[in-house]
Every structure is written in C-alpha cells, then in structure tokens.
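Remarks on the structure that follows.
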Amino acid sequence: MNSPLPRSEGPYSPQFGSRIRELRRKNELTLQALADQAGISVGFLSQVERDKATPSLGTLAALASALGVEIDWFIATPKPRDSITRAGERERFSLADSSLVYERITTSLPGGTLSSLIIEIPPGYQSEITAHTGEELLLVLEGTVRQTLGDTAMVLYPGDSLHFMGDTPHSFGNIGDRPARLLWTGTAPRLLGKTPE
C-alpha cells in the first residue's frame, strides 16, 4: 500500500482491480454473483477488476459489503492501536475519473466502527445518488454544499452539520463557485462492509 503523501505531493489513485478479483475468487463468487450483490453490471465489474474503470466510493462500499470486508481494506493499511495523524501527513487519495480528493482522518483500527474523511469537492460537482445501511455525519468546513435526502434538498454552509441514516437515498454537490471541503464520518461496521448480525 502506498505510504501517506504530504499535501504538497497530491493524492494517489489506488488500483482496486486485482484485490477485488482475488477476494471474489476466494469467496467463490462469479462475476455475475458479485455484480448482482453490489447492484452493478457485470461489464462494469469486469472493467473494475481489470483496472479499466474505477468505482465511485458508493460502489466501492457496495462491493466491500458484498465481499464481507470494510471499504478500508481496499485503501488503507490496518494499524494495531490508536493513532495520531498530523495535518500535513494525512493520506490523500482520489479515485480515477473522479474530481474528488479524499483525505483520510481515521485509521483502520481492528474492531473500529468509524471511518472519517475530508472530501474536497470542486465547483459544480454532483455525486451519484446512493443508499446503504449505517449512519453518516457531515460537517461543512468550507464552501457551499447542497445535500439531498430522499425528496428533500438543503443547502449547508461552513459550520453546518447533518446526521442521517444512510438507507435514505442521498447525494451531495458543490453549488458554490469555489472548492468546498466536507468532513464525512460514517459507521464502519454497517456502512463500510460489515453487516450486523
């Protein structure tokens, strides 16, 4: 796994294909079975496994859930105990074909239940609509973010926060004329791949 990059070096783009394929085969799943469980097409999954396409964070969460792992399994190296991350040393990454840049706040603690990221959102960006189990908490750090929950749209400004259950279809976008920064926190066992018993 790539080591954390200082802010000046920019984000890296992780490659997920071989890890997804390896875990799919280990779980004895066909392309069709995994695609069905994740709610994506077989063709798209095949492209992802060959690193010809990159899943969105929502799709990656669905794949992680179907494969029985946390989303961090794809993008982080687990750390054994509590950990401090200095502001200029946080791991930054982006997904290919996405203009979002993610900055990791949390580490992958064994048994941990939270995942947290700072998301940098360029002007005009609009996310896909997604729904999943688990909770989400958003805090706008900079800019103007439009958040949709079901049929309700709301505008959030710096300092505004929103806490909601992820099973409500939701999306977000930057409606301002400058980049926005959003602190996102979610519950890892449900949101990021582990289904509660």
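Would you confirm, using the coordinates I've provided, whether LEU149 is over 24 Å from PRO55 (Cβ atoms), surrounded by fewer than 18 Cβ atoms within 10 Å (Cβ to Cβ) and of a type in the set (A, V, I, L, M)?
When the stated conditions are applied, LEU149 does not pass them.
May I ask you to list pairs of residues, at least six apart or on different chains, whose Cβ atoms are under 9 Å apart, with the first in the stretch 155-173 being assigned to a strand (DSSP E or B) and the second being among the basic types (Lys, Arg) and crowded, with 16+ Cβ neighbours inside 10 Å?
Final answer for the pair search is VAL155/ARG146; LEU156/ARG146; SER171/ARG146; PHE172/ARG146; GLY173/ARG146.
Condition (residue is modelled with pLDDT of 85 or more and not assigned by TED's automatic domain parsing to the domain that holds THR133) applied to the stretch 83-99: is it met by at least one residue? Reasoning before the result, please.
Residues of the stretch 83-99 that are modelled with pLDDT of 85 or more, as a first pass: 99.
Within this subset, residues satisfying the condition of being not assigned by TED's automatic domain parsing to the domain that holds THR133 are none.
So far as the stretch 83-99 goes, no, none of its residues is modelled with pLDDT of 85 or more and not assigned by TED's automatic domain parsing to the domain that holds THR133.
Taking only pairs six or more apart or across chains, which ones have beta-carbon atoms under 9 Å, a first residue in the stretch 127-149 that is within 16 Å of LEU100 (Cβ to Cβ), and a second residue that is assigned to a strand (DSSP E or B) and modelled with pLDDT under 90?
Filtered contacts from the stretch 127-149: GLU136/GLY186; GLU136/THR187.
Hey, can you tell me all the residues within the stretch 39-62 that are touching a helix residue (DSSP H, G or I) at 6+ places or on another chain (Cβ under 7 Å), part of a helix (DSSP H, G or I) and more than 21 Å from THR185 (Cβ to Cβ)?
VAL42, LEU45, SER46, VAL48, GLU49
Can you tell me which of (1) modelled with pLDDT of 85 or more; (2) assigned to a loop (DSSP other than H, G, I, E, B); (3) basic (Lys, Arg) is the one ARG181 doesn't meet?
(2)
The values are calculated or read from the model by the stated rules, or taken from the named source; none is laboratory data. Since the model is a prediction, treat every value here as computed from it, not as a measurement. Cβ atoms come from the backbone with ideal geometry, glycine included; neighbour counts cover every protein chain shown.
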